[in-house]
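Here is the structure we will look at, set down as C-alpha cells.
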Amino acid sequence: MSIRERLSGNEAIATAMRQVNPDVFAMFPITPSTEIPQYYAQYVADGRVDTEFITVESEHSSLSACLGAEAAGARAVTATSSAGLSYMNEVLYVAGSLRLPVVMAVACRALTGPININHDYSDSMAERDSGFIQIYAENNQEAYDNFLQAHRIAEHPDVRLPLMVCEDGFITSHAIENIELEEDDAVKAFVGEYHPEHYLLKKENPLAVGPYGVSGYYMEARVAQAQAMKNAKAVILDVAADFEKTFGRKYGFFEAYKMEDAEVAMLIMGSCAGTARAAVDELRSKGVKAGVIKLRVFRPFPGEELAAVLSHCKAVAVMDKSEGFSACGGPLFAETAGALFNSKERPLMIDVVFGLGGRDFTVTAAKSVFDRLVWIAENGVVDELYTHMGQRE
C-alpha cells in the first residue's frame, strides 16, 4: 500500500536509494544535488542501510569509485550537478563503454559561465552522447518513480548501461510536494537483487575490464554499445509496464496531452510541462487545437514514436532548456527534427531556447509560443526557425 508523504525531490530520490540499498554510494557534494548524499549519510549513520558510503576528493573520483565497485560486481550509485557532471566527463564515457550500470541522480543546473546555480539542462545535455541512458522527471513523484525503475533498466542483460535520473535543480530538487512512497519490501521485490554474470571477483571466469581497444576490436565494442542503447527502449517500456502493474502509476517514453486532434503542439521536458498544459487548457477553451508532449526519456531517443504522434500536427515548437551553440538550435530540436526528417507527413517546426539559468517560464509565455504556431499553421511558413525567449532586449 502506498504511503502518503511530503518530500522534496532530493529526499524522494534519497528515499528510493535507501529502499534499493545499493552496495556502494560514492559522493562528492555540489549544489543542488548535495542533499541527496546528506540524507543518505544519515541513513548510514542510523543503520538503515548497509551501503559502503565513500567520501572522495572530486566528482571525477566519485564516479571512478562507482566504476570500480560495479566492475567488482557491486551495485553502485552517486549524485551530482552542473560542473560536477562536467568534471566527470571522461569517466562518463568510460562507464558507458565498459557497460557498467551505475545509476546516477542529476539535479540539473546551468553550467558556467557566468556562474549560475539555477536550473536548465546545459549540464545533462552536454553529456547526452556519453553512453548514459537519460530519464527526466517533471515532479518529485516522477523523480522517485524513475529511480525505482532505474536499476532494472540499467542492469538488464540486454542493456547493461549506466543511467542518469534527472530532476530540475531547485525546482524539483528542493520544492516539497505531496508524494506516494511505496513500502520498503515492495520496492525491494520490484527492484530485485543484482546478480551480474561477469565481474572481476568471479574467479570461475577471469576477465579484464578496460583493456586497450585496438583497431580490430574497438568498432565492434562501440556497435555492441549502440545496440544496447537500442535494446534499452524495449526494456524501459517493459519495466514501466511492470511498475504500473505493481504500483499503479503509468510511464512511457513521453506523455501526450490533448494530442489526439492537436494542430499545434509543444514538445517540452521537465517541470515546465505543467505550465505548458495550463496554457493548452486556456487555448482549448477558446477553440485552439493545442497539445503538449512532455518528453521523459531522452536517451535512448524515441524518434519513431515522437514522429508518429507529431506527424498529424501543422506546426510544432520544440522547447530547448539548453543552448546548443550550433547556430541553428538546441539539442532537443536537432533530435526531433532528425526523427521527423523522413516522415511523409511532418509539421513545420521551430526551436525556442528558453529558461536558461533559471529564467521564468510562464503560462503567458507558453501561450505566446502557441500564438506563433497558429500563425505558422495558417500561413504555411516559418517566421523564424531558431529563437530565444525571455531574455531582456
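The values are calculated or read from the model by the stated rules, or taken from the named source; none is laboratory data. Note that the structure is a prediction, hence the values are computed from the model and not measured. As a convention, Cβ positions derive from the backbone with ideal geometry for all residues, glycine included, and neighbour counts pool all protein chains shown.
Could you grab me the full set of residues in the range 197-212 that are of a type outside the set (Phe, Trp, Tyr) and without any contact (Cβ under 8 Å) to a residue 24 or more places away in the chain? Don't jump to the end; show me each part of the working.
Keep residues of the range 197-212 that are of a type outside the set (Phe, Trp, Tyr), which gives 197-198, 200-211.
Scanning the range 197-212 gives His198, Lys203, Glu204, Asn205, Pro206, Leu207, Ala208, Pro211.
Scanning the range 319-344 for residues that are among the hydrophobic types (A, V, I, L, M, F, W, C) and not in a loop (DSSP other than H, G, I, E, B), which turns out nearest to Ala273 (Cα to Cα)? Talk me through it step by step, then tell me what you get.
The initial filter retains those residues of the range 319-344 that are among the hydrophobic types (A, V, I, L, M, F, W, C), namely 319, 325, 327-328, 332-334, 337, 339-341.
From what is left, the residues that are not in a loop (DSSP other than H, G, I, E, B) are 319, 332-334, 337, 339-340.
On the way: Met319: 10, Leu332: 15, Phe333: 16, Ala334: 20, Ala337: 20, Ala339: 21, Leu340: 22 Å.
The residue in question is Met319.
Selection of the range 354-384 for residues being farther than 28 Å from Thr112 by Cβ and assigned to a loop (DSSP other than H, G, I, E, B) yields Gly380, Val381, Val382, Asp383, Glu384.
Among the residues of the range 269-277, at least one is out of contact with any Gly (no Cβ under 7 Å at 6 or more places or on another chain) and outside any helix (DSSP H, G or I).
Looking at Val353, Val316, Val297, Val369 in this structure, which one is closer than 23 Å to Lys233 by Cα and outside the structural domain of Met125 (by TED's automatic domain parsing)? Even if it seems obvious, please write down each step before you answer.
Working: Val353 fails: closer than 23 Å to Lys233 by Cα; Val316 fails: closer than 23 Å to Lys233 by Cα; Val369 fails: closer than 23 Å to Lys233 by Cα.
Testing whether each residue is closer than 23 Å to Lys233 by Cα and outside the structural domain of Met125 (by TED's automatic domain parsing) leaves just Val297.
So which residues in the range 77-95 are of a type outside the set (Val, Ile, Thr) and out of contact with any Cys (no Cβ under 9 Å at 6 or more places or on another chain)? Even if it seems obvious, please write down each step before you answer.
Here is the first cut: in the range 77-95, the residues of a type outside the set (Val, Ile, Thr) are 79, 81-90, 92-93, 95.
Of everything in the range 77-95, those that are of a type outside the set (Val, Ile, Thr) and out of contact with any Cys (no Cβ under 9 Å at 6 or more places or on another chain) turn out to be Ala79, Ala83, Gly84, Ser86, Tyr87, Met88, Asn89, Glu90, Leu92, Tyr93.
For the range 204-254, filtering for residues that are assigned to a loop (DSSP other than H, G, I, E, B), of a type outside the set (D, E, K, R) and over 19 Å from Ala95 (Cα atoms) leaves 6. Within the range 372-393, the set of residues being loosely packed, with under 13 Cβ neighbours inside 10 Å and of a type outside the set (Gly, Ala, Ser) comprises Glu378, Asn379, Val381, Asp383, Glu384, Gln391, Arg392, Glu393. Only one entry of Glu177, Glu182, Glu142 meets the criterion of being under 17 Å from the mean Cα position of the chain (by Cα) and either surrounded by 14 or more Cβ atoms within 10 Å (Cβ to Cβ) or not assigned by TED's automatic domain parsing to the domain that holds Ala107 (or both), and that entry is Glu142. Filtering Phe190, Phe132 for residues that are crowded, with 19+ Cβ neighbours inside 10 Å, aromatic (Phe, Trp, Tyr) and under 17 Å from Leu100 (Cα atoms) leaves a single hit, Phe132.
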